[in-house]
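To keep things clear, I will list the structure first and then write my remarks on it.
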């Protein structure tokens, strides 16, 4: 697969553009493409919302009364990701205690029923005896 991509990149017809999306750098000659000005990269930092952009999104979705500290906290907790900010905005709608909601909003998906049940009997400081498979 990668050999075919390398061949394609080396033999692209004029005017043709290739768009690749990947979670990690593909094993291609990226430094060479960068040096030739033939590579445009969008990394996580470019895809994150700034506090100002998050402010516009949250105020449009949740209303204009959000304090700046609330917007900053939600932006930090979601790492500026649009989906997380949108979910936070939806969750904020109808919240009587916005400050309390933001204090408990982690930006992490809640545990499912199996995970909650598995963790329910484990107390802070309790260990697991791996040999016996029992909780200490």
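Nothing in this text is a laboratory measurement; each read-out follows from the coordinates by a stated rule. Only a predicted model underlies this, so the values are computations on that prediction, with no experimental measurement involved. A quick note on method: Cβ atoms are made from the backbone with ideal geometry, for glycine too, and the neighbour counts reach across all protein chains shown.
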Task: Most to least packed among 16-25, 32-41 [average Cβ atoms within 10 Å] - done: 32-41, 16-25
TODO: Enumerate the whole-percent occupancy of each 10 Å bin, from 0 to the last occupied one, for all C-alpha pair distances of the stretch 46-104.
DONE: 26, 64, 10, 0
TODO: Could you please rank 8, 42, placing first whichever residue has the fewest other Cβ atoms within 10 Å of its Cβ?
DONE: 42, 8
TODO: Note the full-extension length gain between residue 60 and residue 40 as 0.36 nm times their separation in residues minus their Cα-Cα distance, in nm to one decimal.
DONE: 4.1 nm
Open item on the list: Please compute the Kirkwood hydrodynamic radius over the stretch 2-41, one decimal place, Å, based on all pairs of different Cα atoms.
Closed with: 10.9
TODO: Once you have a ≥ b ≥ c as the square roots of the Cα gyration tensor eigenvalues for the stretch 1-99, tell me rounded if a/c is under 1.5, and otherwise prolate or oblate according to whether a/b is larger than b/c.
DONE: prolate
- [ ] Enter the Cα centre distance for the pair the stretch 1-37 and the stretch 47-97, rounded to the nearest angstrom.
- [x] 36
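Full extension from residue 30 to residue 82: what is 0.36 nm times the residue separation minus their Cα-Cα distance, to one decimal in nm?
That pair, residue 30 and residue 82, stretches by 15.9 nm at full extension.
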